[in-house]
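Q: Once you've had a glance at the structure underneath, I'll fire off some questions.
The values are calculated or read from the model by the stated rules, or taken from the named source; none is laboratory data. Owing to the predicted nature of the structure, the values given are computational and were not obtained by experimental measurement. Note: ideal-geometry Cβ built from the backbone for every residue, glycine included; neighbour counts use all protein chains shown. In case anyone asks, the SASA skips ligands and DNA or RNA and just uses the protein heavy atoms, side chains included. Shrake-Rupley method; radii C 1.70, N 1.55, O 1.52, S 1.80 Å.
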Amino acid sequence: MKSLKTLVIAAALSLGAVGAAHAQLPAEAPTAAAPANPAAAAAASDAAAPATTPAEASAPAGDATYVPMKPTQGVGQPVDAGVDFQPQVTPIGDQAYWFNHVILLPIITIISLLVLGLLLWVIFRYRAKANPVPSKTTHNTFIEIIWTAIPVLILALVAVPSIRLLAAQYEPPSKDALTIKVTGYQWYWGYAYPDQGIGEYVSKMLTKEQAEAAGEPHQLAVDNRMVVPVGRQVKLIVTGADVIHSFAVPAFWTKMDAVPGRANEVTFTANKVGVYYGQCSELCGVDHGYMPIAVEVLPVDRWEAWVRSKGGNPSGEEAAAPAAAAAPAPAAVTTTEAAPAAAPAAAPAATN
């Protein structure tokens, strides 16, 4: 009897051990399989990541074919026997041109003709032969009121559009304005596009032979132009490296002194594609007359191609967002690194 009880107890214990072993195996199986899935997912994501990178890298492949635009004769440059301002291609320039031709010139013309007429009338009417007994009149209240009131009215008429134009020229730039740093050197210009990641490059005058070969005006053509997109506001931060220079482009109605140790700001928005020339407008030394400025205004897509050809990013700082979005790859690597840590956890179960 005693031996029978012993056999029953031993059988029960052996069955319990087998049941426990079978109960543990399904629980451990997912644990062992779990690390394999993240590793596979990470491998798939790693394989997919390089597939998008060459496509993105190949997007600006044709941008290196950028060719400087040919200037148009008489546009954005001086003309022979010219007496008027250059045709304006900015809103500020249009406003200033209207102010000069519609308000200032008529007023100046009328005043000049009036004064000339009065002088001729006085010379003829009050000459000694026609007026042997000169008048002794010293004051005329009515005339004094007129010649005081009329100039005041004229100044008030001129002041309103003049102040409006002045305020528009110094209006703060918009948030999406293209920032360009302009530095005047003796005797050339330096341009940098900080938001696009384009470091400073220098712009020097071409020789007469080089300018003629490029079909550009002599003493205005340069080797490296400032390039801007059409229709977008441009903010220039102008400074000088040695002496005072002055950045001036007549077709933009833009002129700003480049003072060493000081950053001056001026804006313009070119609304017409083309090449526009200017010069340093501050006597800065022996080669002051050989500091030309050439600004090339391009359609937006061609400007972006030019930026990429310079190794820059047309979207500027906004390009950091896609870079941050594409960063999950390291997270997958971290998961795969954690996978080996889970493998030893399954080892004790296999030992049991």
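Q: Collect the residues in region 90-126 that are surrounded by fewer than 10 Cβ atoms within 10 Å (Cβ to Cβ) and not β-branched (Val, Ile, Thr), keeping them in residue-number order.
A: Phe124, Arg125
Q: Quick check: is even one residue across region 92-110 touching a strand residue (DSSP E or B) at 6+ places or on another chain (Cβ under 7 Å), at pLDDT 95 or above and part of a loop (DSSP other than H, G, I, E, B)?
A: No, every residue in region 92-110 fails to be touching a strand residue (DSSP E or B) at 6+ places or on another chain (Cβ under 7 Å), at pLDDT 95 or above and part of a loop (DSSP other than H, G, I, E, B).
Q: Among the residues of region 157-164, is there at least one that is open to solvent by less than 70 Å² (accessible area, probe 1.4 Å) and part of a strand (DSSP E or B)?
A: Scanning region 157-164, I find no residue that is open to solvent by less than 70 Å² (accessible area, probe 1.4 Å) and part of a strand (DSSP E or B), so the answer is no.
Q: Tell me which residues, restricted to region 231-272, are closer than 20 Å to Pro78 by Cβ, open to solvent by 50 Å² or more (accessible area, probe 1.4 Å) and not aromatic (Phe, Trp, Tyr).
A: Pro250, Lys255, Lys272
Q: Six or more apart or on different chains, Cβ under 9 Å: which pairs go from a residue in region 167-187 that's part of a loop (DSSP other than H, G, I, E, B) to one that's small (Gly, Ala, Ser)? Could you list them?
A: Once the first residue is part of a loop (DSSP other than H, G, I, E, B) and sits in region 167-187, its partners that are small (Gly, Ala, Ser) give Gln186/Ala241; Gln186/Gly285; Trp187/Gly285; Trp187/Gly289.
Q: Does Val67 meet the test of being closer than 30 Å to Gly311 by Cβ, among the aliphatic types (A, V, I, L, M) and either open to solvent by less than 70 Å² (accessible area, probe 1.4 Å) or part of a loop (DSSP other than H, G, I, E, B) (or both)?
A: So Val67 fits the description; yes.
Q: Next question. Quick check on Glu317: is it open to solvent by 40 Å² or more (accessible area, probe 1.4 Å), within 17 Å of Thr179 (Cα to Cα), part of a helix (DSSP H, G or I) and modelled with pLDDT of 90 or more?
A: Answer is no for this residue.
Q: Sort out which residues of region 273-313 are open to solvent by 40 Å² or more (accessible area, probe 1.4 Å) and hydroxyl-bearing (Ser, Thr, Tyr), and write them in order of number.
A: Answer for region 273-313, where residues must be open to solvent by 40 Å² or more (accessible area, probe 1.4 Å) and hydroxyl-bearing (Ser, Thr, Tyr): Ser281, Tyr290, Ser309.
Q: For region 195-229, which positions are assigned to a helix (DSSP H, G or I) and touching a residue at least 60 places away in the same chain (Cβ under 8 Å)?
A: If the condition is that a residue be assigned to a helix (DSSP H, G or I) and touching a residue at least 60 places away in the same chain (Cβ under 8 Å), then Ala214 is the only one that fits.
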